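Please read the structure below before turning to the comments.
We did not get these values from a lab; they are worked out from the coordinates using the rules stated. None of these values were measured; they are calculated from a predicted model. All Cβ positions, even for glycine, are placed from backbone atoms using ideal geometry, and neighbour counts span all protein chains on display.
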């Protein structure tokens with residue numbers, strides 16, 4: 001859940017897109033209640049994620065209003081370590097490289113720093129799980145067909161849903177489409193948009209403007225390990241009292257390699273230092289999922 005939870009305040013959910021084999025011919029019928037089908041799928045996904053403790057190496061490309069960055073990331077039993085490869089599509093300057101090396105070394109040698117990172121990651125996980133579990137209660141789902149093993153659904157707010165937290169209030173003004181990969185019982189892609197302004201604290205604490213959109217997708221990268229590989233967020237509004245906010249976030253994850261479960265953060269540092277003639281993830285295109293309308 002860490003992979004989607006970091007942006008949950010803006011996106012307010014963490015969901016996914018799958019690729020795999022076509023649906024089997026003799027699968028059982030879908031439940032008559034589409035919302036119950038989504039609830040069962042989310043429960044199934046969370047149970048599998050809770051059992052998945054594999055470690056991976058991958059490339060991530062991120063863009064926002066400030067620019068872009070590419071990183072080489074390795075998961076370890078002591079936490080995650082990443083090396084910056086490109087800033088705005090260009091290799092790091094000597095000064096930037098020195099600063100990045102210092103950041104990495106501090107994580108390797110400082111258990112307290114790693115503990116802080118781990119706590120932030122756990123907090124993100126908990127928020128992401130809370131939001132994922134809230135989706136079947138917050139929305140009403142409707143079947144929109146099935147194609148190439150993907151079940152397509154539309155969703156709109158449940159008028160009887162009472163959001164328990166500020167973040168979940170966004171669900172009351174959101175509608176969109178969801179895809180579920182039927183054979184694996186995994187949430188697939190989810191696209192959403194705000195059909196009205198969202199206010200926090202009667203508008204004094206913040207506002208997200210009507211028309212904000214997000215799209216998030218996931219796929220299988222090995223065995224039964226699934227991760228999000230693509231995220232697009234476009235939101236605008238106002239923060240506390242009058243400060244304008246604009247959220248533009250693009251993320252692409254590529255080049256997944258499974259790592260040893262016993263890998264230490266020191267060993268990850270050595271691997272990252274060796275490098276392997278990295279290519280910017282910006283140049284690696286991830287195709288849209290089936291049902292891309």
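Suppose R0 equals 51 Å. What FRET efficiency, 1/(1 + (r/R0)^6) with r the Cβ-Cβ distance, do residue 195 and residue 270 give to the nearest 0.05?
0.50
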Using 0.36 nm per residue, how much length does the chain from residue 161 to residue 98 gain when fully extended, once their Cα-Cα distance is taken away? 17.6 nm
Please give the length that would be gained between residue 146 and residue 133 if that part of the chain were fully extended, namely 0.36 nm times their separation in residues minus their C-alpha to C-alpha distance (nm, one decimal). 2.3 nm
Percent of all alpha-carbon pairs of region 129-181 at distances over 13 Å, whole number, is 59 percent
Cα convex hull volume per residue for region 62-166, in Å³, equals 197 Å³
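How big, in percent, is the set of alpha carbon pairs in region 66-122 lying more than 17 Å apart?
More than 17 Å apart: 44 percent of the Cα pairs in region 66-122.
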Kirkwood hydrodynamic radius over Cα pairs of region 30-76, then Stokes diffusion coefficient at 37 °C and 0.692 mPa s, in µm²/s: 233 µm²/s
In nm, spacing of pseudo-spin labels at residue 54 and residue 248 (7 Å Cα→C-beta vector): 3.6 nm
What nm distance separates the two modelled labels at residue 109 and residue 46, each placed 7 Å from Cα along Cα→Cβ? 4.2 nm
Dimensions (Å) - region 105-219, Cα atoms, principal axes, largest first: 53, 44, 23
What is the log10 of I(q)/I(0) for region 161-236, computed with the Debye formula using one identical point scatterer on each Cα and no solvent, at q = 0.15, 0.19, 0.25 Å⁻¹? -0.63, -0.86, -1.13
